[in-house]
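The values are calculated or read from the model by the stated rules, or taken from the named source; none is laboratory data. From a predicted model like this one, the values you see are computed outputs, not experimental measurements. Here the Cβ positions follow ideal geometry from the backbone for every residue, glycine too, while neighbour counts run over all protein chains shown.
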Amino acid sequence: MKLMDISEVSKQTGIAASAIRHYEEKGLITSVGRRGLKRLFGPEVLDQLALITLGKTGGFSLEEIKSMFGSDGRPALSRPGLHLRADELDRQIHTLEALRDMIRHVADCPAPSHMECPKFQQLIRISGRRSRSERVTHKLPPVKPGRM
């Protein structure tokens with residue numbers, strides 16, 4: 001088994017050494033020893049860091065990502081949990097698509113000013129309701145489907 005020091009792992013993954021140390025402190029990865037002051041890692045850390053990066057991109061917290069590893073450090077993914085996250089991403093995508101369409105409409109609106117554009121007024125009302133709701137529940141409600 002070829003061991004790599006933290007700088008080699010950083011170079012191969014593109015992840016800063018400080019982030020690698022942080023992931024180790026959080027218990028997501030484990031070094032197997034030291035060479036002088038540098039941490040040493042086994043080759044499995046490359047896959048673990050790839051999973052961490054993928055999880056972060058998917059919006060998982062570090063605690064959620066940590067739970068994706070078994071006690072042996074190998075991936076132990078919860079299929080129902082992944083389905084829930086995929087559903088959440090679908091909702092976020094829908095919300096962002098609706099926002100994009102609204103912004104495009106407002107950008108191209110023939111009204112003399114944005115405040116005279118009914119769609120812009122609607123966007124402001126929706127945004128105000130969402131903001132108040134978020135402060136109360138700390139979770140945004142889903143946006144209703146529909147074209148602008």
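When the range 100-122 is filtered for residues that are touching a residue at least 24 places away in the same chain (Cβ under 8 Å) and of a type outside the set (D, E, K, R), the ones remaining, listed by number, are MET102, HIS105. If you go through the range 93-125 and keep only what is assigned to a helix (DSSP H, G or I) and among the small types (Gly, Ala, Ser), you end up with ALA98, ALA107.
Of all residue pairs spaced 6 or more apart or on separate chains, those with beta-carbon atoms under 8 Å, a first member in the range 55-68 that is without any contact (Cβ under 8 Å) to a residue 40 or more places away in the chain and a second member that is acidic (Asp, Glu) and part of a helix (DSSP H, G or I) are GLY55/GLU64; GLY59/GLU88. Looking only at residues in the range 59-92 that are among the acidic types (Asp, Glu) and either assigned to a helix (DSSP H, G or I) or in the same structural domain as LYS26 (by TED's automatic domain parsing) (or both), the one that is surrounded by the most Cβ atoms within 10 Å (Cβ to Cβ) is GLU64. Need the failing condition index for LYS2 against (1) in contact with a strand residue (DSSP E or B) (Cβ under 6 Å, 6 or more places away or on another chain); (2) outside any helix (DSSP H, G or I), just the number. Against the list (1) in contact with a strand residue (DSSP E or B) (Cβ under 6 Å, 6 or more places away or on another chain); (2) outside any helix (DSSP H, G or I), LYS2 comes up short only on (1).
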